[in-house]
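To keep things clear, I will list the structure first and then write my remarks on it.
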Amino acid sequence: MDIVVIGAGLSGLTAAATLREAGGSVRLVEADTHIGGRIRALRDPASKRAFADLGPTWVWPKYQPVAARWLESLGMATFEQFNEGDAVIIGYGPVPLRQPMPGQDGMVRIVGGPSAVIDALANIIGDANIRTSALATGVFEDGPKRMVVHLSSGEVITAQKVIVSVPLRVVATTMQIPWAPQNLVDAMRGTPTWMSTHAKAIALYERPFWRDAGLSGRVASRIGPLVEVHDHTGANNTPAAIFGFVGWSPEKRRKDPEGLRQAILDQLSDCFGKAARQPLELVVQDWAMNPRIVTDLDISQPAVHPDIALPILRQPHLDGRVRFAVSEVSDLSPGLIEGALASGERAALELLATSR
């Protein structure tokens, strides 16, 4: 069976790896220059070692059986999110507060970060079956049994089946899918892409000095610019790092990136002391600047965690020749890492079941 998977985020990679392990012939095409979608690591330029997560970080294997199973099968180890000591709480009273904040039960990090999962899945699929910088512009019927995928280069790829693993609003607004009924297109447009409008800041340090002061690295702030901050130090205590979610709007971030950086350094210094003002590196990953992830529709609406998507998005289309596989369509942990794994696996297994 000849299958094209469009999009090499976690869902697409999971689908392609599942198909490959079952003996399927798979071609995975990705519009960006790298694979992983919203999973990306800040890496050491020389060793390529992953220093920090620029996209999602956490999994909850205790409550996420699909994630737990995939992590085990891929040989991924986990460690607890550091949360010992006091948090700094700002904007909830006349002065900053310092007090413990409970962590989430079962919340852990993956050794090597989620990018280690991306690398492991890519190894299963094989480099020869993955193409980057290959933007799909349309998915068309080619008679009753074949599909055609058009690329921006002008190339045409034919296959028996297609799995579309691209953010749904991006598909609905940038790809030609003339076979799709209006209710399907409406459902795609109505499904927000989780975290697509967010920005994440990472500050690297020589050591986690905040721990010496009895601080957990957590900040909860109504003032910002970081509204939520966590310790992001590696499993072996290196590299030392702090990460935070940016509260400024995409428009404000775009207009004043240097002002944002200075405001972040001011805030970190206020919360953790003068040493926090001198990170080895400060990186702001703004996902709202990536047209492969976000659309104007996402930016124009408040960021909300996706509910379980409409059933039409999990159903096969064109007599089973087309399926969608992104985290937001999963009926399990939509928007999260587990949702991506579950969605990719489900699309692949259903496709295999109907092809026997």
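Read-outs throughout are calculated quantities, based only on the coordinates presented, and are distinct from any laboratory measurement. Computed from a prediction, not measured in an experiment: that's the story for all the values here. Cβ placement follows ideal geometry from the backbone for every residue including glycine, while neighbour counts extend to all protein chains displayed.
How high is the FRET efficiency between Leu282 and Glu84 when r is their beta carbon distance and R₀ equals 25 Å, given to the nearest 0.05?
Values: r = 24 Å, r/R0 = 0.98.
Efficiency for this residue pair is about 0.55.
What is the order of Arg346, Arg314, fewest Cβ neighbours within 10 Å to most?
Sorted ascending by nearby Cβ count, the order is Arg314, Arg346.
Treating cross-link reach as a plain straight distance, find the lysines whose alpha-carbon is under 25 Å from the alpha-carbon of Lys255, omitting any fewer than eight places away in the same chain.
Leaving aside lysines fewer than 8 places away in the same chain, those within reach of Lys255 are Lys200.
Considering every pair of different Cα atoms, what Kirkwood radius, in Å, is found for the stretch 261-312?
When all Cα pairs of the stretch 261-312 are included, the Kirkwood radius is 14.4 Å.
Suppose R0 equals 56 Å; then what is the FRET efficiency for Val95 and Thr33 from their Cβ-Cβ distance, rounded to the nearest 0.05?
Computed FRET efficiency for Val95 and Thr33: 0.75.
Determine, at each q value in 0.16, 0.21, 0.24 (inverse angstroms), the log₁₀ of I(q)/I(0) that the Debye formula gives when each Cα of the stretch 83-125 is one equal point scatterer.
Log-scaled intensity ratios, in q order: -0.64, -0.77, -0.85.
Which of these, Ala240, Ala134, Ala46, has the largest mean-square fluctuation under a Gaussian network model of the chain (Cα springs below 10 Å)?
The residue with the greatest mean-square fluctuation here is Ala46.
Using Cα pairs closer than 8 Å and at least 6 residues apart in sequence, work out the relative contact order for the stretch 8-79, in percent.
The normalised contact order for the stretch 8-79 reaches 20 percent.
Going by how many other Cβ atoms sit within 10 Å of their own, how do Val26, Val95 line up, fewest first?
Listing Val26, Val95 from fewest to most nearby Cβ atoms yields Val95, Val26.
In the chain, what % of DSSP beta bridges are antiparallel (nearest 5)?
65
Taking amide H positions as placed in the peptide plane 1.01 Å from N, state which residues far from Val322 in sequence (5 or more) or on other chains have amide H under 5 Å from it.
HN-HN under 5 Å from Val322: Val162, His317.
Can you tell which of Leu313, Leu297, Leu13 shows the greatest fluctuation in a Gaussian network model of the chain with Cα springs below 10 Å?
The residue with the greatest mean-square fluctuation here is Leu297.
Given Cα pairs under 8 Å that are at least 6 residues apart, what percent is the relative contact order of the stretch 150-257?
In percent, rounded to a whole number, it is 21.
Round to the nearest 10 and give me the degree value, 0 to 90, for the angle of helix 114-125's Cα axis relative to the longest principal axis of the chain.
Roughly 20 degrees, rounded to the nearest 10.
Taking 7 Å along the Cα-to-C-beta vector as the label spot, tell me the Trp179-Lys62 distance in nanometres, rounded to one decimal.
4.5
Tilt of helix 337-355 relative to the longest C-alpha principal axis of the chain, in degrees (0 to 90, nearest 10)?
10
For the chain, taking Cα atoms only, what is the radius of gyration to one decimal and the Dmax to the nearest whole Å?
21.1, 68
Can you give me the angle between helix 10-21 and the longest principal axis of the chain, using Cα atoms only, in degrees from 0 to 90, rounded to the nearest 10?
So the inclination is approximately 50 degrees.
What is the spread of the Cα atoms of the stretch 222-313 along each of their three principal axes, largest first, in whole Å?
Rounded to whole Å, the extents work out to 51, 35, 25 Å.
Enumerate the calculated ³J(HN,Hα) couplings along the stretch 268-275 in order (Karplus 6.51 cos²θ - 1.76 cosθ + 1.60, θ = phi - 60°), each rounded to whole Hz, writing x wherever the residue is Gly or Pro.
Taking θ as phi minus 60°, the curve returns 4, 5, 4, 7, 10, x, 4, 4 Hz for the stretch 268-275.
What FRET efficiency comes out for the pair Asp296/Asp2, r = Cβ-Cβ distance, R0 = 35 Å, nearest 0.05?
Once rounded, the FRET efficiency stands at 0.50.
Inverting the mean 1/r over all pairs of different Cα atoms, compute the Kirkwood radius of the stretch 9-162 and quote it in Å.
Details: mean 1/r = 0.0542 Å⁻¹.
Taking every pair of different Cα atoms in the stretch 9-162, averaging 1/r and inverting gives 18.4 Å.
Report the label-to-label distance for Asp212 and Ile312 in nanometres (one decimal), using points 7 Å from each Cα along the Cα→Cβ vector.
My value for the distance between the label points is 6.0 nm.
Along each of the three principal axes of the Cα atoms of the stretch 30-109, give the extent in whole Å, ordering the values from largest to smallest.
49, 32, 25
What is the fewest-to-most order of Asp53, Asp270 by other Cβ atoms lying within 10 Å of their Cβ?
Ordered from fewest to most neighbouring Cβ atoms within 10 Å, Asp53, Asp270 come out as Asp270, Asp53.
Any idea what % of Cα-Cα pairs in the stretch 139-264 are farther than 24 Å? It would help to have the intermediate numbers written out before the result.
Values: 4317 of 7875 pairs.
Of all Cα-Cα pairs in the stretch 139-264, 55 percent lie more than 24 Å apart.
Between Arg218, Arg27, Arg43, find the one with the highest GNM mean-square fluctuation for the chain; connect C-alpha pairs within less than 10 Å.
Arg43
Once amide H atoms are placed 1.01 Å from N in the peptide plane, what residues at a sequence separation of 5 or more from Asp142, or on another chain, have their amide H within under 5 Å of its amide H?
Met147, Val148
How high is the relative contact order of the stretch 223-356? Use alpha-carbon pairs under 8 Å, at least six apart in sequence, and give a whole percent.
Result for the stretch 223-356 is 12 percent.
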